[in-house]
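Visitor: Input: one structure, supplied below.
The values are calculated or read from the model by the stated rules, or taken from the named source; none is laboratory data. Owing to the predicted nature of the structure, the values given are computational and were not obtained by experimental measurement. Here the Cβ positions follow ideal geometry from the backbone for every residue, glycine too, while neighbour counts run over all protein chains shown. Accessible surface areas use protein heavy atoms only, side chains included; no ligands, DNA or RNA. Shrake-Rupley method; radii C 1.70, N 1.55, O 1.52, S 1.80 Å.
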Amino acid sequence: MGNVALFHLMCGIFIFWSVSLVKAEDTYKYFTWTATYGILSPLGVPQQVILINGQFPGPRLDLVTNDNVILNLINKLDEPLLLTWNGIKQRKNSWQDGVLGTNCPIPKNSNYTYKFQTKDQIGSYTYFPSTQLHRAVGGFGALNVYARSVISVPYAKPAGDFSLLIGDWYKSSHKVLRQILDSGRSLPYPNGLLINGEKQSTFSGDQGKTYMFRISNVGLKNSINFRIQGHKMRVVEVEGSHVLQNFYDSLDVHVGQSMSVLVTLDQPPKDYYIVASTRFSRITFTATSVLHYTNSQTPVSGPMPPAPAGQMHWSMLQARTFRWNLTSNAARPNPQGSFHYGKITISRTFVMANSASLINGKLRYAVNSVSYVNPDTPLKLADHFNIPGVFNLNSIQAYPSGGSPYLGTAVFPTSHHDFIEIVFQNDEAAMQSWHLDGYDFWVVGFGSGKWTQASRNKYNLVDALTRHTTQVYPKSWTAILVSLDNQGMWNLRSAMWDRQYLGQQVYLRVYDPTPSLANEYDIPINALLCGKAAGRHT
């Protein structure tokens, strides 16, 4: 009997210690960031860029699973500003999402304090300005969420950790680019490609050791291909999902996407090219960096590794090789595959057809014939205060009708805990990229031509990875499944910022008729109020 009592006592102590350790790791981290303009020459020509605390790109935000972030953003630009945290789910907290459907922008010479938690997430993410075309001139940075000490990851700790922010770049200011779009024209080709805000940089490591490279496409328009001369890349994580660890010579990373690869420095000691180049465009831009062995005496040489010869079909085949690691822990100790998404009944289907057309003589991008226009009052505030006339729930159809495009504020009504299917139908000859705030989703299928119900027979219902941004190939479709377990107002948008700016976005209103703090937090006491919500009390 004494042994049994001792056993229960020890179990109790262990549980208390474990819970205390986990709670102790849910730390608070405080930041003060100031957004300003500065003059730099990323492509050799002086131009105005957006700096965060004097840095371009902005500071790398290194966090741990379940950290609580208190970040005071001071806006010293000459225009209102918001930052959004690309891929951070903002559990029960769309109030902090940082897009115009949820937040009033921070006025110039003012500030706003974001308060959010990296709840149950591990992975490589980014942040960037969501207002106007600020993203075109900076304000973006890496956001990395590391696992708590009590959660294992399916790879040995690397000897170093590099974030690579890669994207197309214009020499023109965001205001000039905005004028082009406002006039009804499409953006021209960019002027180049940057890696971490430069045409060339150096990453150093010791021979024989393994390093993590976190690759994010922070550009406006172009998919990129990434490769390292003479080295294989082992993909281990894609936007918060641990994946089956396959080796690749090159990787397509589409606009808004992120992934983490491990690279072992197992070649003769010298310097090697790191190459990024644009894909699927008539003009190809290339940026290079250097992988430097610390014992190298030999500079980079030889031809740069070429981009893959294959185009869309090659890229789609590669995308299908990214598979969920069902036995790996997620941010919680349960395996990723313990949630059997393929056995859940779909409660509702949305087929979203994108289009490019003229409305009132100007270029606009639309979804199911609706080209989104931001109202002066954020949708989230209008919903909270029951303000009429800002949006309605019959503003967009769940299937394309083929009607003439028009301007509107498109909101899909959904219910909390629905399990929905979204099909992105791309009838254009250009690549698309779609992102959903507040969630990750299972990318269950890619296919050419028109999606039909028979297309479901080809879905991966076993080990499709979850991510927050998916590509949609030209004249093709992509299907995703989403478990709507996060109440709030959530932006579903083109990750290509010119398309987003000209209307290729909608919102999902994930609604529960019974108010509960278990489902959603109250409006923050520091919430900015604007439009028809101005003067109301939080």
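Visitor: Restricting to the range 493-526, and then to whatever is aromatic (Phe, Trp, Tyr) and in a helix (DSSP H, G or I), can you tell me which residue is surrounded by the fewest Cβ atoms within 10 Å (Cβ to Cβ)? Working first, answer last.
Guide: Of all residues in the range 493-526, those aromatic (Phe, Trp, Tyr) come to 497, 501, 507, 511, 521.
Add one more test, that the residue is in a helix (DSSP H, G or I), and what stays is 497, 501.
On the way: Trp497: 27, Tyr501: 24.
Checked the range 493-526; the qualifying residue surrounded by the fewest Cβ atoms within 10 Å (Cβ to Cβ) is Tyr501.
Visitor: For the range 372-386, check the following and say yes or no: at least one residue is farther than 29 Å from Leu529 by Cα, open to solvent by less than 60 Å² (accessible area, probe 1.4 Å) and in contact with a strand residue (DSSP E or B) (Cβ under 8 Å, 6 or more places away or on another chain). Steps first, answer last, please.
Guide: Our first condition is that a residue be farther than 29 Å from Leu529 by Cα; within the range 372-386, this holds for none.
Scanning the range 372-386, I find no residue that is farther than 29 Å from Leu529 by Cα, open to solvent by less than 60 Å² (accessible area, probe 1.4 Å) and in contact with a strand residue (DSSP E or B) (Cβ under 8 Å, 6 or more places away or on another chain), so the answer is no.
Visitor: Do we have any residue at all in the range 172-185 that's aliphatic (A, V, I, L, M), touching a Lys or Arg at 6+ places or on another chain (Cβ under 8 Å), under 22 Å from Ser433 (Cα atoms) and crowded, with 20+ Cβ neighbours inside 10 Å? I'd like the intermediate steps shown before the answer.
Guide: Residues of the range 172-185 that are aliphatic (A, V, I, L, M), as a first pass: 176-177, 180-181.
Retained after the next criterion (residues that are touching a Lys or Arg at 6+ places or on another chain (Cβ under 8 Å)): none.
The answer is no; no qualifying residue exists.
Visitor: Another question, then. Name the single residue, out of those in the range 250-266 being in contact with a strand residue (DSSP E or B) (Cβ under 6 Å, 6 or more places away or on another chain), more than 14 Å from Gly219 (Cα to Cα) and not small (Gly, Ala, Ser), that is surrounded by the fewest Cβ atoms within 10 Å (Cβ to Cβ). Talk me through it step by step, then tell me what you get.
Guide: Kept after step one, since they are in contact with a strand residue (DSSP E or B) (Cβ under 6 Å, 6 or more places away or on another chain), are these residues of the range 250-266: 250-265.
Filter once more, keeping what is more than 14 Å from Gly219 (Cα to Cα): 250-251, 259-265.
In the following step, the residues that additionally are not small (Gly, Ala, Ser) were identified as 251, 259, 261-265.
Details: Leu251: 21, Met259: 24, Val261: 25, Leu262: 19, Val263: 22, Thr264: 17, Leu265: 22.
Among those that are in contact with a strand residue (DSSP E or B) (Cβ under 6 Å, 6 or more places away or on another chain), more than 14 Å from Gly219 (Cα to Cα) and not small (Gly, Ala, Ser), it is Thr264.
Visitor: Here's another thing I want to ask about it. Of everything in the range 75-104 that's assigned to a loop (DSSP other than H, G, I, E, B) and without any contact (Cβ under 8 Å) to a residue 60 or more places away in the chain, which residue is nearest to the chain's Cα centre (by Cα)? Walk me through how you get there before you give the answer.
Guide: Start the filter on the range 75-104 by keeping residues that are assigned to a loop (DSSP other than H, G, I, E, B), which leaves 76-80, 82, 87-93, 97-104.
Restricting the remaining residues to those that are without any contact (Cβ under 8 Å) to a residue 60 or more places away in the chain gives 76-80, 82, 88, 98.
Details: Lys76: 25, Leu77: 24, Asp78: 26, Glu79: 24, Pro80: 22, Leu82: 16, Ile88: 8, Gly98: 13 Å.
Among them, the one singled out is Ile88.
Visitor: Does Tyr399 satisfy being out of contact with any helix residue (DSSP H, G or I) (no Cβ under 8 Å at 6 or more places or on another chain), aromatic (Phe, Trp, Tyr) and open to solvent by less than 40 Å² (accessible area, probe 1.4 Å)? I'd like the intermediate steps shown before the answer.
Guide: Working: out of contact with any helix residue (DSSP H, G or I) (no Cβ under 8 Å at 6 or more places or on another chain): yes; aromatic (Phe, Trp, Tyr): yes; open to solvent by less than 40 Å² (accessible area, probe 1.4 Å): no.
It is false that Tyr399 is out of contact with any helix residue (DSSP H, G or I) (no Cβ under 8 Å at 6 or more places or on another chain), aromatic (Phe, Trp, Tyr) and open to solvent by less than 40 Å² (accessible area, probe 1.4 Å).
Visitor: Turning to a different aspect of this structure: Is it true that Asp168 is of a type in the set (D, E, K, R), touching a residue at least 60 places away in the same chain (Cβ under 8 Å) and buried (at least 23 other Cβ atoms within 10 Å of the Cβ)? Even if it seems obvious, please write down each step before you answer.
Guide: Working: of a type in the set (D, E, K, R): yes; touching a residue at least 60 places away in the same chain (Cβ under 8 Å): yes; buried (at least 23 other Cβ atoms within 10 Å of the Cβ): yes.
Here the answer is yes, as Asp168 does meet what is asked.
Visitor: How many of the residues making up the range 325-356 are more than 21 Å from Thr118 (Cα to Cα) and either in a strand (DSSP E or B) or aromatic (Phe, Trp, Tyr) (or both)?
Guide: Total meeting the criteria: 10.
Visitor: Let me ask something else. Which condition from (1) surrounded by 20 or more Cβ atoms within 10 Å (Cβ to Cβ); (2) over 25 Å from Phe441 (Cβ atoms) is the one that Pro269 breaks?
Guide: Failing condition for Pro269: (1).
Visitor: Which one is farthest from Pro405 (Cα to Cα), of the residues in the range 484-524 that are polar (S, T, N, Q) and touching an Asp or Glu at 6+ places or on another chain (Cβ under 8 Å)?
Guide: Step one: filter the range 484-524 for residues polar (S, T, N, Q), giving 486-487, 491, 494, 500, 504-505, 514, 516, 519.
Imposing the further condition that a residue be touching an Asp or Glu at 6+ places or on another chain (Cβ under 8 Å) reduces the set to 487, 491, 519.
Working: Gln487: 30, Asn491: 20, Asn519: 36 Å.
So the residue we want is Asn519.
Visitor: Can you give me the ranges of the strands (runs of 3 or more DSSP E) entirely in the range 143-258 with at least 2 residues that are at pLDDT 95 or above, farther than 30 Å from Leu363 by Cα and of a type in the set (Gly, Ala, Ser)?
Guide: On the way: elements: 160-169, 192-195, 202-205, 210-217, 224-228, 233-238, 250-253.
Correct list: 160-169, 202-205.
Visitor: Consider only pairs whose beta carbons are under 8 Å apart and that are at least six residues apart or on different chains; among these, list those whose first residue lies in the range 51-71 and is over 20 Å from Ile195 (Cβ atoms) and whose second residue is part of a loop (DSSP other than H, G, I, E, B) and among the hydrophobic types (A, V, I, L, M, F, W, C).
Guide: Val64/Ala147; Thr65/Ile122; Thr65/Ala147; Thr65/Ile151; Thr65/Ala331; Asn66/Ala331
Visitor: Just to be sure I understand, how many residues within the range 322-334 are farther than 25 Å from His254 by Cβ and modelled with pLDDT of 95 or more?
Guide: Going residue by residue through the range 322-334, those that are farther than 25 Å from His254 by Cβ are 327, 329, 332-334.
When the remaining residues are screened for being modelled with pLDDT of 95 or more, the result is 327.
Here the count works out to 1.
Visitor: Also: Which of the residues spanning the range 359-382 are assigned to a strand (DSSP E or B), over 16 Å from Val506 (Cα atoms) and out of contact with any Pro (no Cβ under 9 Å at 6 or more places or on another chain)?
Guide: If the condition is that a residue be assigned to a strand (DSSP E or B), over 16 Å from Val506 (Cα atoms) and out of contact with any Pro (no Cβ under 9 Å at 6 or more places or on another chain), then Lys362, Leu363 are the ones that fit.
Visitor: Can you name the residue in the range 369-394 that is hydroxyl-bearing (Ser, Thr, Tyr) and more than 24 Å from the chain's Cα centre (by Cα) and, of all such residues, is farthest from Pro515 (Cα to Cα)? Step through it out loud before you land on a result.
Guide: Step one: of the range 369-394, the residues hydroxyl-bearing (Ser, Thr, Tyr) are 369, 371-372, 377.
When the remaining residues are screened for being more than 24 Å from the chain's Cα centre (by Cα), the result is 369, 377.
Working: Ser369: 33, Thr377: 22 Å.
So, considering only residues that are hydroxyl-bearing (Ser, Thr, Tyr) and more than 24 Å from the chain's Cα centre (by Cα), the one farthest from Pro515 (Cα to Cα) is Ser369.
Let's see how each residue does on (1) surrounded by fewer than 16 Cβ atoms within 10 Å (Cβ to Cβ); (2) under 30 Å from Thr327 (Cβ atoms):
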{"position": "His417", "(1), (2)": "yes, yes"}
{"position": "Phe441", "(1), (2)": "no, yes"}
{"position": "Gln453", "(1), (2)": "yes, no"}
{"position": "His468", "(1), (2)": "no, yes"}
{"position": "Lys475", "(1), (2)": "yes, no"}
{"position": "Ser483", "(1), (2)": "no, yes"}
{"position": "Asn491", "(1), (2)": "no, no"}
